[in-house]
Protein chains: 2
Amino acid sequence: MDVLSIMRDLAIILIFAKIFGLLARKLRAPQVVGEIVAGLLIGPSVLGFVQLNDFLGVCAQIGVVLLMFSAGLGTNLKELLKTGPKALAIACAGVLVPLAGGTLLYMCFYGFEPWGSQKFFTAVFIGVIMTATSVSITVETLKELGKLKSELGTAILSAAIIDDVIGILVLTFVLGLKNPKTKPIQVVVSTLLFFVLAVGVGFLVYKLFKFIDKRHPRTRRIPIYSLALCFGLAFVAEKVFGIADITGAYVAGIILCRLHDSSYIEEKMDINSYMLFGPIFFASIGLKTKLDGMTLDIVAFSLLFVVVAMATKVIGCSAMSRLCRFNNKDSLRIGVGMMTRGEVALIVAQRGLDEGLISSVYFTSVILLIIASSILTPIFLKLLFREKKVKTI
Amino acid sequence: MDVLSIMRDLAIILIFAKIFGLLARKLRAPQVVGEIVAGLLIGPSVLGFVQLNDFLGVCAQIGVVLLMFSAGLGTNLKELLKTGPKALAIACAGVLVPLAGGTLLYMCFYGFEPWGSQKFFTAVFIGVIMTATSVSITVETLKELGKLKSELGTAILSAAIIDDVIGILVLTFVLGLKNPKTKPIQVVVSTLLFFVLAVGVGFLVYKLFKFIDKRHPRTRRIPIYSLALCFGLAFVAEKVFGIADITGAYVAGIILCRLHDSSYIEEKMDINSYMLFGPIFFASIGLKTKLDGMTLDIVAFSLLFVVVAMATKVIGCSAMSRLCRFNNKDSLRIGVGMMTRGEVALIVAQRGLDEGLISSVYFTSVILLIIASSILTPIFLKLLFREKKVKTI
């Protein structure tokens, strides 16, 4: 890897992401939208200044992990435990409705197929791609709006985390139906094991950090050890238990969220995040996009795919939120907050490609979904959080 | 590149580097020594937990760049202009004495050879490897001691920067004697051009930053644009002008050092540095070490190589510092501060290998020199800066 060209890439990404972020803010859109647009602009589709490479890819992934860790650190644990059951219900609805929606969309577009046929599984798989919420953009937007630590923010975050887990269960289950090697029961067991471990080991780790924090408050070692815990748990979650690394990072944040210095740690993480890894992550979404090789048929399917994926998520989550006694406006906010898709959708699509379930053509649909939802979610959220000003005439 | 194994590596590096850094501090050695030892311990030579890979290599390089940028930001520009001529003299002595020492060492060890023969050039090249000072460890040590911004710190830093430039001139000159393709005059011209550009464009950039800083003081955009400037100048310095990237980063820091918010920028850079990139850089020195394939002959030569390289640098720089009217103690401090060698020595050795001037066996000597000087410099510096306590009986 060429260090020099990476430093050039970083300089370009930082300048464009910041300028477009500020521009977006001027237009009353969230900064992340500007950063994604900046990535699109400097990427291979438009100006071609920067190509996504291995280094930037890893930095982008670290960016998501830091974002989720920071969100975990800022969690109000009492609030989380209170919203837990509601979040579970919202997550289930947010998986099942898009799953059904995606399956139906494919069948309406390409014709209905009998249970068990190859095309039937392809249809179901299109639904599976729609299930996984990517909450990082919502997190950043809620942070900008100052709503991340509210009951609503906690509900969205925990629902998105649970949603990830359920999404992976569904993926494994569908693949298991086609391929007898993977055993869905194993996935359920290892997921449960991870959370048991997280609670047990997490308690010991918390005690250890509390001890260090008490002896050396506000020293450099606290955020450094915390960052190590974040990376370690992200690794263990995905490598050992098959759960997404970002879930591990979020759990690491929750383990430390009741420390006396948790806001001090969060502050240091945020600086690392907004100075380098954050802009790289958001710009990389735009960088990934290649707008060639499109046919009219695929464009039409992709547009429908995007609309169905967003609508089913909003409908499923909002409806369940309403059932969980959130008011109308908050229910809609939760639905929209859960609407974003991200790299998990790409990973799922990649698995489908590997297993011969879908063709690579559908990657364009997935990328379009990621871009559209990444740009629209923050804009909708900002609109939904704008309080109506009472006119005084 | 596997994101997961990189996150595991990062977790291990952060924990070991911090624990050994703190341990070193307990033993009254600087923390960086502990971080290098941590790298050695977790690296392939001992425990084998972590292998140096592309990602870590780039991060380590970014770590040096950030360190030099931060040092530039903290520079007192008046002090630098005052110490400039002295620094030039010290740098020249610090290049010529090791160059002569290395050449003589090789000739004493393997026999004298006539001018122009292959072995003669090899001998000279061993001297060339000894010339380039790597100041990053000294910077970190002086920072820990709170002496970085003193006249002494500025003298060491600017001498090390000039030393780098002269070292590259010497390298190009020696390679030019063997190979008529590279023209030493080109190198001199492009180096001069870079510094003219740095002054001219630097002034405009400074004005631009001053304007932004005045309108938006202490906002995120200032450190982000600064970091982009740092990466950009590092890239341009090496890619366009053939000067080391760290020199470009240092110059970027100097351009911004008179900004009202320069300490604010420095603070943000330092957090990025000590949270992630710094520990990776210092640990990577240890990680690079492979202690196999050694014969008694090479071990003997390597030991002498290390001693001669360190002694000639200290003698050359200290003697010239004394001539420049520094007192005895400060002269010795400057000599020791200039003693460290780093990745530039490895790059020079690599060039010699590519040109068929030296065999890969001498890499062990270079790595030993880097480790020994990296560990000894901070220890010696700390001892030299310890004020004698007057006993009151």
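Structural remarks
- Test for B:PHE301: is it within 24 Å of B:PRO98 (Cβ to Cβ) and surrounded by 24 or more Cβ atoms within 10 Å (Cβ to Cβ): no
- Some residue of the range A:126-134 being touching a Lys or Arg at 6+ places or on another chain (Cβ under 6 Å), under 20 Å from A:VAL308 (Cβ atoms) and of a type outside the set (A, V, I, L, M): yes
- In the range B:176-197, the residues that are modelled with pLDDT under 75, of a type outside the set (Ser, Thr, Tyr) and touching a helix residue (DSSP H, G or I) at 6+ places or on another chain (Cβ under 7 Å): B:GLY176, B:LYS178, B:LYS183, B:PRO184, B:VAL187
- Check on A:VAL348, under 20 Å from the mean Cα position of the chain (by Cα) and buried (at least 19 other Cβ atoms within 10 Å of the Cβ): yes
- Meets criteria (polar (S, T, N, Q), surrounded by 15 or more Cβ atoms within 10 Å (Cβ to Cβ), under 19 Å from the mean Cα position of the chain (by Cα) and part of a helix (DSSP H, G or I)) for B:SER158: yes
- A:ALA228 within 20 Å of the chain's Cα centre (by Cα) and either closer than 15 Å to B:MET275 by Cβ or not charged (D, E, K, R) (or both): no
- Per-region count, the range B:245-262, residues within 13 Å of the chain's Cα centre (by Cα) and of a type in the set (Val, Ile, Thr): 2
- Test: residue in the range A:379-389 that is within 17 Å of A:ALA132 (Cα to Cα) and touching a helix residue (DSSP H, G or I) at 6+ places or on another chain (Cβ under 8 Å): no
- Residue within the range B:274-283 that is surrounded by 14 or more Cβ atoms within 10 Å (Cβ to Cβ), without any contact (Cβ under 8 Å) to a residue 24 or more places away in the chain and of a type in the set (Gly, Ala, Ser) present: no
- Condition check for B:PRO85: surrounded by 24 or more Cβ atoms within 10 Å (Cβ to Cβ) and more than 13 Å from chain A (Cβ to nearest Cβ): no
- Test: residue in the range A:69-89 that is touching an Asp or Glu at 6+ places or on another chain (Cβ under 7 Å) and of a type in the set (D, E, K, R): yes
- Selection count, the range A:119-142, where residues are assigned to a helix (DSSP H, G or I) and in contact (Cβ under 8 Å) with a residue 12 or more places away in the chain: 16
- The set of residues from the range B:32-57 being within 12 Å of another protein chain (Cβ to nearest Cβ) and crowded, with 17+ Cβ neighbours inside 10 Å comprises B:GLU35, B:PHE55, B:LEU56, B:GLY57.
- The single residue among B:ALA60, B:ALA24, B:ALA11, B:ALA29 that is among the small types (Gly, Ala, Ser), surrounded by fewer than 23 Cβ atoms within 10 Å (Cβ to Cβ) and within 11 Å of chain A (Cβ to nearest Cβ) turns out to be B:ALA11.
- Checked against the criterion of being over 17 Å from B:THR131 (Cα atoms) and in contact (Cβ under 8 Å) with a residue 12 or more places away in the chain, the range B:345-357 contains one or more residues that satisfy it.
- Of everything in the range A:183-226 that is free of Cβ contacts under 8 Å to residues at least 24 places away in the same chain and in a loop (DSSP other than H, G, I, E, B), the residue that is farthest from the other protein chains (Cβ to nearest Cβ) is A:LYS183.
- Meets criteria (of a type outside the set (Val, Ile, Thr), within 19 Å of A:VAL32 (Cα to Cα) and surrounded by fewer than 22 Cβ atoms within 10 Å (Cβ to Cβ)) for A:LEU323: no
- Listed by position, the helices (runs of 4 or more DSSP H) contained in the range B:1-114 that have at least 1 residues being farther than 23 Å from B:LEU303 by Cβ and over 22 Å from the mean Cα position of the chain (by Cα) are B:3-26, B:31-42, B:77-110.
The values are calculated or read from the model by the stated rules, or taken from the named source; none is laboratory data. What you are looking at is a predicted structure, and each value in this text was computed from that prediction instead of being measured. Backbone-built Cβ (ideal geometry, glycine too); neighbour counts: all protein chains shown.
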